[in-house]
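In what follows, a structure is listed as structure tokens, so that the remarks can point back to it.
The values are calculated or read from the model by the stated rules, or taken from the named source; none is laboratory data. Model, not experiment: these values are computed from the prediction. Glycine also receives a Cβ, built like all others from the backbone with ideal geometry; neighbour counts cover every protein chain displayed. Just the protein is used for accessible areas: all its heavy atoms, side chains included, with ligands, DNA and RNA removed. Shrake-Rupley method; radii C 1.70, N 1.55, O 1.52, S 1.80 Å.
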Amino acid sequence: MTVIRPFKGILYNPEKACGDDVMCPPYDIISDEIQEFLYNKSPYNIIRIDHGKHSSEIDKYVLAKEYLNKWIEEGVLLQEKEPCFYGYEVQYSYKNKNRILKGIIGTVRLEELGKGIYPHEQTYSKPKTDRLNLMKACMANTSLIFSLYRSKERTTSQIVENLKNPYIQARDLNGNIHKLYKITQPSQINLIIEEFKHKPIFIADGHHRYEVALEFKKQMNKVYPGHKEAAWNYVLMFLTNIEDNGYLILPTHRLLSTPLSVKELLGKQNKLFHLSEFSKDNDIQEAIEKAGPKNIGTYLKEDNKFYILTYNGPDLDYLPEPLRSIDINILEEVILKLFPQKEVCYEINIEKAIQMAKENKCDAIFILRATKVEEIERVALAGLRMPPKSTYFYPKLLTGMVINSFQEKI
């Protein structure tokens with residue numbers, strides 16, 4: 001059973017901090033340049049806590065804890081007196097179309113993955129170490145996990161839709177407007193708790209953070225075995241209803257660098273693939289979306305041309321059925337394995353990827369269709385995972401809108 005509960009959030013004080021100046025993107029998409037920009041934007045930017053700079057003088061995790069405590073003492077950050085949920089809204093634009101993402105923020109009881117809470121992507125170990133060190137130092141969740149649930153009843157959705165007067169708002173680096181609302185009425189809190197009791201939750205963005213929270217919980221419960229309802233048994237989470245269709249799932253394209261001729265190698269595999277030239281004047285992303293599964297857009301630096309690469313080979317029978325027809329697995333399991341000498345990197349912006357090719361930073365670009373939410377549900381409920389960076393959920397949630405502290409008397 002899924003357990004979601006309200007909590008005493010730590011929030012920026014709007015009288016002492018402007019939301020535009022103190023919020024930051026998720027740590028995993030922050031470049032060195034963005035980090036420096038945010039450091040200079042405000043002495044109270046959450047970047048100092050969530051993604052601080054390395055220093056030879058002091059451990060960055062110790063420094064994060066000092067900032068958190070200092071800002072609370074100064075009244076820049078305030079903690080709620082009573083537990084509540086929070087409504088979160090993002091007004092954003094994509095390809096000149098205005099959209100709205102809405103959901104709630106609460107704390108969700110940590111369960112082993114696959115027991116009511118489902119991942120869909122594989123993860124790397126390095127980010128987990130960083131997040132665990134930060135969690136231990138601050139004794140808090142400083143950033144949100146982005147999750148999905150499906151509810152045709154839309155009880156929570158309707159509560160969020162009717163919220164007025166945001167507590168704080170902030171504009172992100174893309175110009176999107178984020179608003180945070182408090183949900184304090186006991187009747188609404190109880191309705192939200194009841195709606196989630198039998199709803200599976202799918203992690204969209206934040207697999208590392210969830211796995212780290214689970215590990216932290218295990219460590220704390222060894223030290224304090226009689227505290228099963230302590231705050232560290234729960235994790236900070238944003239949840240949006242799939243039925244509301246507020247988010248976008250964008251594809252993450254693969255950029256291949258190799259000394260081999262990509263066109264020649266693909267041409268030699270004509271029993272597996274059909275390579276058809278594509279006009280530059282058309283939208284290749286739109287074309288492969290229309291073409292459907294087993295079609296991958298391709299740009300080759302060696303002849304400066306676009307192609308549609310259609311896979312005609314056998315099903316990937318050695319993979320579990322839900323994974324066989326997903327384009328990313330065809331790319332990872334068949335196409336990229338043709339190149340023993342290679343480096344692969346990732347980019348969501350096709351134009352930026354093409355520019356990188358022209359600057360000799362890669363030799364080929366494989367352009368993927370967006371993963372569908374039904375594919376995510378099917379894979380996740382089967383207890384399986386897609387390769388890393390199979391999905392890119394947009395818009396990204398801001399770090400700093402609310403913090404969940406584990407501090408309590410033991």
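Criterion first (open to solvent by 30 Å² or more (accessible area, probe 1.4 Å) and touching a Ser or Thr at 6+ places or on another chain (Cβ under 6 Å)) does Leu191 satisfy it?
Details: open to solvent by 30 Å² or more (accessible area, probe 1.4 Å): yes; touching a Ser or Thr at 6+ places or on another chain (Cβ under 6 Å): yes.
The answer is yes for Leu191.
Rundown of residues vs (1) more than 17 Å from Met401 (Cα to Cα); (2) of a type in the set (S, T, N, Q); (3) in a helix (DSSP H, G or I), yes/no style:
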site: Tyr44; (1), (2), (3): no, no, no
site: Arg48; (1), (2), (3): no, no, yes
site: Lys53; (1), (2), (3): yes, no, no
site: Ser56; (1), (2), (3): yes, yes, no
site: Lys65; (1), (2), (3): yes, no, yes
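Go through the residues of the stretch 286-298 one by one and say whether even a single one is open to solvent by 40 Å² or more (accessible area, probe 1.4 Å), of a type in the set (Ser, Thr, Tyr) and under 32 Å from the mean Cα position of the chain (by Cα). Looking for residues that are open to solvent by 40 Å² or more (accessible area, probe 1.4 Å), of a type in the set (Ser, Thr, Tyr) and under 32 Å from the mean Cα position of the chain (by Cα), one finds none in the stretch 286-298, hence no. Within the set Ser125, Ser151, Ser93, the sole residue that is over 24 Å from Gly19 (Cβ atoms), at pLDDT 95 or above and surrounded by fewer than 19 Cβ atoms within 10 Å (Cβ to Cβ) turns out to be Ser151.
Answer yes or no as to whether Lys217 is in contact with a Phe, Trp or Tyr (Cβ under 8 Å, 6 or more places away or on another chain), in a loop (DSSP other than H, G, I, E, B) and buried (at least 16 other Cβ atoms within 10 Å of the Cβ). Explain how you work it out, then say what you get.
On the way: in contact with a Phe, Trp or Tyr (Cβ under 8 Å, 6 or more places away or on another chain): yes; in a loop (DSSP other than H, G, I, E, B): no; buried (at least 16 other Cβ atoms within 10 Å of the Cβ): yes.
So Lys217 does not fit the description; no.
Pairs are defined by a Cβ separation below 9 Å, a sequence spacing of at least 6 or placement on different chains, a first member in the stretch 169-186 that is assigned to a loop (DSSP other than H, G, I, E, B), and a second member that is surrounded by fewer than 19 Cβ atoms within 10 Å (Cβ to Cβ) and of a type in the set (S, T, N, Q); the pairs so defined are Asn174/Ser93; Gly175/Ser93; Asn176/Gln91; Asn176/Ser93.
The C-beta contact set for the stretch 343-357 (first residue in contact (Cβ under 8 Å) with a residue 40 or more places away in the chain, second residue of a type in the set (Lys, Arg), distance under 7 angstrom, 6+ apart or interchain) comprises Val344/Arg254; Tyr346/Arg254; Tyr346/Lys389; Ala357/Lys301. Checking the stated criteria, Leu381 turns out to be open to solvent by 50 Å² or more (accessible area, probe 1.4 Å), farther than 23 Å from Glu289 by Cβ, within 23 Å of the chain's Cα centre (by Cα) and not basic (Lys, Arg). When the criteria are applied in full, Gln122 fails the requirement of being over 22 Å from Val379 (Cβ atoms) and out of contact with any strand residue (DSSP E or B) (no Cβ under 6 Å at 6 or more places or on another chain).
Answer yes if at least one residue in the stretch 108-119 is more than 20 Å from Lys218 (Cα to Cα) and touching a strand residue (DSSP E or B) at 6+ places or on another chain (Cβ under 6 Å), and no otherwise. First the steps, then the outcome.
Within the stretch 108-119, the subset more than 20 Å from Lys218 (Cα to Cα) is none.
No, the conditions are met nowhere in the stretch 108-119.
Specify the residue that is farthest from Ile365 (Cα to Cα); the eligible residues are those in the stretch 308-354 that are open to solvent by 40 Å² or more (accessible area, probe 1.4 Å) and hydroxyl-bearing (Ser, Thr, Tyr).
Here the residue is Tyr318.
The one condition from (1) in a helix (DSSP H, G or I); (2) open to solvent by 10 Å² or more (accessible area, probe 1.4 Å); (3) in contact (Cβ under 8 Å) with a residue 40 or more places away in the chain that Lys16 does not meet is (1).
Within the stretch 60-73, does at least one residue satisfy the condition of being out of contact with any helix residue (DSSP H, G or I) (no Cβ under 8 Å at 6 or more places or on another chain), farther than 14 Å from Thr399 by Cα, charged (D, E, K, R) and in contact (Cβ under 8 Å) with a residue 24 or more places away in the chain?
Of the stretch 60-73, the ones out of contact with any helix residue (DSSP H, G or I) (no Cβ under 8 Å at 6 or more places or on another chain) are 60, 66, 69-73.
From what's left, farther than 14 Å from Thr399 by Cα: 60, 66, 69-73.
From what's left, charged (D, E, K, R): 60, 66, 70, 73.
Adding the requirement that they be in contact (Cβ under 8 Å) with a residue 24 or more places away in the chain leaves none.
No, the stretch 60-73 has no match at all.
Taken together, the residues in the stretch 171-214 that are in contact with a Pro (Cβ under 6 Å, 6 or more places away or on another chain) and under 17 Å from His120 (Cα atoms) amount to 3.
Yes or no: Arg378 touching an Asp or Glu at 6+ places or on another chain (Cβ under 8 Å) and of a type outside the set (A, V, I, L, M, F, W, C)?
Working: touching an Asp or Glu at 6+ places or on another chain (Cβ under 8 Å): no; of a type outside the set (A, V, I, L, M, F, W, C): yes.
No.
Number of residues in the stretch 88-114 that are assigned to a loop (DSSP other than H, G, I, E, B), charged (D, E, K, R) and farther than 21 Å from Lys197 by Cβ equals 1.
Residue count for the stretch 198-214 satisfying the condition of being buried (at least 18 other Cβ atoms within 10 Å of the Cβ) and either part of a helix (DSSP H, G or I) or touching a His at 6+ places or on another chain (Cβ under 6 Å) (or both): 7.
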